[in-house]
Every structure is written in C-alpha cells, then in structure tokens.
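This report concerns only the one structure given below.
The values are calculated or read from the model by the stated rules, or taken from the named source; none is laboratory data. The model shown is predicted, which means the values in this text are computed figures rather than measured ones. Backbone-built Cβ (ideal geometry, glycine too); neighbour counts: all protein chains shown. The area values use the complete protein model at the heavy-atom level, side chains included, leaving out ligands, DNA and RNA. Shrake-Rupley method; radii C 1.70, N 1.55, O 1.52, S 1.80 Å.
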Amino acid sequence: RNLDNIPFPDRTLLDLDDYYTAVDQHKMTTTYSSRGCPFTCTFCDVQEKLYHYRSAQSMADEFENIIDLGIKEIHIFDDIFNVRPKRVIEICDEIKRRDIKVNWSVRARVNPFTRDMVARLKDAGCQRLHIGVESLDPATLEYMNKKQTYEEIVEFFKMCHEEGMETLAYFIIGFPTESPEYRKHFFDEVMKLDPTYCFFNILFPLAKTQYYQSLIADGTFEKDYWEEFCKDPTPYYEIPLARSPELQKELEDLADSFHRRFCYRFGFLAKEFWRSIRYPRMLYLKAKLAYVLARETLFWRR
C-alpha cells in the first residue's frame, strides 16, 4: 500500500538510447506516481479502484535519479495523475524547491483541473498533459460514465492554450450512443479544441469492463469469450465483432482518416520540423513515422 517503500527500477539494466517518443526531443523514460483509478468508465479495463500514491519527496528523488542517468524527458504513466489536486501542487512545489530541471509529462483527465494547477505544472517543467477526452457527445459521455461534461472539456483546452501547456488528446469512436451525424462533424469539433497531438481509437470490448459485460447481458455475445480464452489461451485469439462488419470498416476508415487529416496538415508538419531540426535523430524518426502512417492507413488499406 505504501508506494514510497518500493525501490526505483534499475534503469542501468536497459539500453536507454532505445527509448523515445515521437513527441519528445531526447531519450526518455517512464515512471509512476500512483496506482489505480477510482473512476468507473464503462469501457476501461483498469480494475484497481483503490487509488494509492507516492509522496512528492519520493517523486523528486526519482526525478533526480533519472537525471543522473542522462535522461532529459520523463513521462508519468499513471492511470490518472490528478485525482488529488493538493498532491499535484505538492509535487510541483518540491520539484521547484530542489530546482530540478527536466521536461516531464503526465497522463490525467479533464477534471479536476484549475488554471492555477496548469500554471504550476508548467512552471515546474511539465510540458504536456495526456488527456482521455474520449468523446465530445454529451449523451456518450454520460453513457460511458466519464464524469465530465463537454463544457469542462472546452474549458480545459482553453486553460492549456492560455498557459502554454501542450496537450495530447485521446478519443474513442464507436460507442452505441453515437449517431452518423456526430461522426460526420466529429473531426471538425476536435480541431476547435486544437490539441497539440491526437490519438483516435475504436471502442473495443476489453475483458471485465462494463461495456463487455453489457454485450453478454444483451445477447450480442453468446458466451464469455475472454473467460474462454483464459481457460485455453491460443495465439492470435480474436473475439467476435460487437458491431456489423460494415460499421467496423467504416470506423477503421474514419480513424485512419482522422489521423491523416490531423498529422498531414501543413502547420502541424512545419511545427514538428522546427521542433526537431536541432535533433537529427528525432527528425529522422518522425519522418519514418510519417511514412509508416501513410503506408498503414492509406496505401495498405487501399
């Protein structure tokens, strides 16, 4: 239960040059400041609902340990970083008190967030917030039990823009409450929020989720396929589609289209080029990723 008692991972066992992301400039590593998520979103497979967390002192100690290894980017890979706003402020204050200089980012949710919290994160070196927005449809947000509103989403991105905080937004399409009209205008609504980066995913019935259990309860699935798999694991196992093949293909095409439309904008490409021009390795990797995106979502699918 006391995460401060767990020793830091021995990162010297790894080739640290192998680790990078497309949104950073330097080699990076991940860490956790907490475990669990008390929210009960219907699609999410985070089963640990007891939220327990490390102290600000422990986080600052590990930041210093990571910097000593020559790493300049840290991503806090919590299920949700900002459950306790007071703890977020404590971590920021401790980083500032020790004058720790490193770029870092976190995975969080739209609420609870205040302008002061965003400003303090930015001042402490946090460069980017990875946020599970999921949907911009009020009915779908209610269906998934996300406990956030469209208005809160809009306000969050407004705060981030005004405080100079980068954002990486996660979205999901394919909820049964969505209408074709919503999907038709969805990308345009995303662009109004103007996130720095985006991921577009398709709703999938993960094991033990409320969404998956509902598909068994309403007869969409005739049995518990994940339980069957656990009893007899087989390679390349796939459960049946939860929707028609036609709708599945439409969603896949939409997700591919959204990624292309977002990443191949002239402004986005120009910005990423200038962000990376001083880092030849990252510029090469981003060019390679652009090629892979085109190959996998356009040429291959055609």
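Numerical summary
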| read-out | value |
| --- | --- |
| Paramagnetic label zone (point 7 Å from Cα along Cα-to-C-beta, Leu283; backbone N under 15 Å) in segment 1-33 | 25-26 |
| Dipole magnitude of the chain, debye to nearest 20 (Cβ charges: Lys/Arg +1, Asp/Glu -1, about Cα centre) | 860 |
| Where a label projected 7 Å from the Cα of Ser179 along Cα→Cβ would reach, residues of segment 121-149 with amide N under 17 Å | 136-143 |
| Farthest toward positive dipole pole in the chain [+1 Lys/Arg, -1 Asp/Glu at C-beta], among Ala270, Val154, Thr234 | Ala270 |
| All-pairs Cα distance distribution in segment 156-302, expressed in whole percent, bin size 5 Å | 2, 7, 14, 15, 16, 14, 12, 9, 6, 3, 1, 0 |
| From phi via Karplus (6.51, -1.76, 1.60), per-residue ³J(HN,Hα) for segment 32-49 in Hz, x at Gly/Pro | 10, 9, 7, 9, x, 8, x, 7, 10, 5, 5, 9, 8, 9, 6, 8, 7, 9 |
| Principal axes of segment 1-61: Cα extent on each, largest first, Å | 37, 30, 19 |
| For the chain, share of DSSP beta bridges that run antiparallel, in % to the nearest 5 | 5 |
| The chain - Cys residues lacking any other Cys C-beta under 4.7 Å | Cys37, Cys92, Cys126, Cys160, Cys198, Cys230, Cys263 |
| Mean accessible surface per residue for segment 119-161, computed with a 1.4 Å probe while every protein chain stays in place, in Å² | 40 |
| Reciprocal mean inverse distance between Cα atoms of segment 11-129 - Kirkwood radius, Å | 14.9 |
| Protection proxy ranking, peptides 35-48, 6-19, average beta carbon neighbours within 10 Å, highest first | 35-48, 6-19 |
| Nitroxide proxy distance, nm - points 7 Å out along Cα→Cβ at Trp274 and Glu246 | 4.7 |
| Amide H partners (placed H, <5 Å) of Cys198, local residues excluded | Ala169 |
| Viscosity 1.306 mPa s, temperature 10 °C, Stokes-Einstein D of segment 68-117 from Kirkwood C-alpha radius, µm²/s | 132 |
| Residue-wise HN-Hα coupling along segment 99-113, computed from phi with Karplus coefficients 6.51, -1.76, 1.60 (Hz; x: Gly, Pro) | 6, 7, 10, 7, 7, 9, 8, 9, 9, 8, 10, 4, 9, x, 9 |
| Diffusion coefficient, µm² s⁻¹, Stokes-Einstein with Kirkwood Rh over alpha-carbon pairs of segment 120-174 at 4 °C and 1.567 mPa s | 107 |
| Full-extension gain in nm, Leu13 to Lys147, via 0.36 nm per residue minus C-alpha separation | 44.2 nm |
| Assigned charges on the beta-carbon of Lys, Arg, Asp, Glu; segment 69-219 dipole about Cα centre (debye) | 620 |
| Over the chain - Rg/Rh using Cα atoms and the Kirkwood inverse-distance radius | 0.96 |
| Dipole axis of segment 25-129 (+1 Lys, Arg; -1 Asp, Glu on Cβ), positive-most option in Cys126, Gly36, Val102 | Cys126 |
| Approximate shape of segment 111-221 as ellipsoid semi-axes (Cα gyration tensor, √5λ), whole Å, largest first | 29, 15, 12 |
| Distance between modelled label sites at Glu227 and Glu296, nm, 7 Å Cα→Cβ extension | 3.4 |
| GluC sites (Glu not before Pro) restricted to DSSP loop in segment 153-254 with at most 13 other C-beta within 10 Å | Glu222, Glu238 |
| Placed amide H near Ile172: partners under 5 Å, 5+ positions off or other chain | Glu134, Ser135, Asn201 |
| Peptide ranges 267-277, 116-126 listed from the most packed, as the mean C-beta count within 10 angstrom indicates | 116-126, 267-277 |
| D_trans [Stokes-Einstein, Kirkwood Rh over alpha-carbon pairs] for segment 196-241, 25 °C, 0.890 mPa s, µm² s⁻¹ | 203 |
| Under 5 Å, built H, 5+ apart or other chain: amide partners of Cys126 | Trp104 |
| Computed [θ] at 222 nm, deg cm²/dmol, the chain (DSSP H ≥ 4; -39,500 (n - 2.57); rounded to nearest 500) | -13000 deg cm²/dmol |
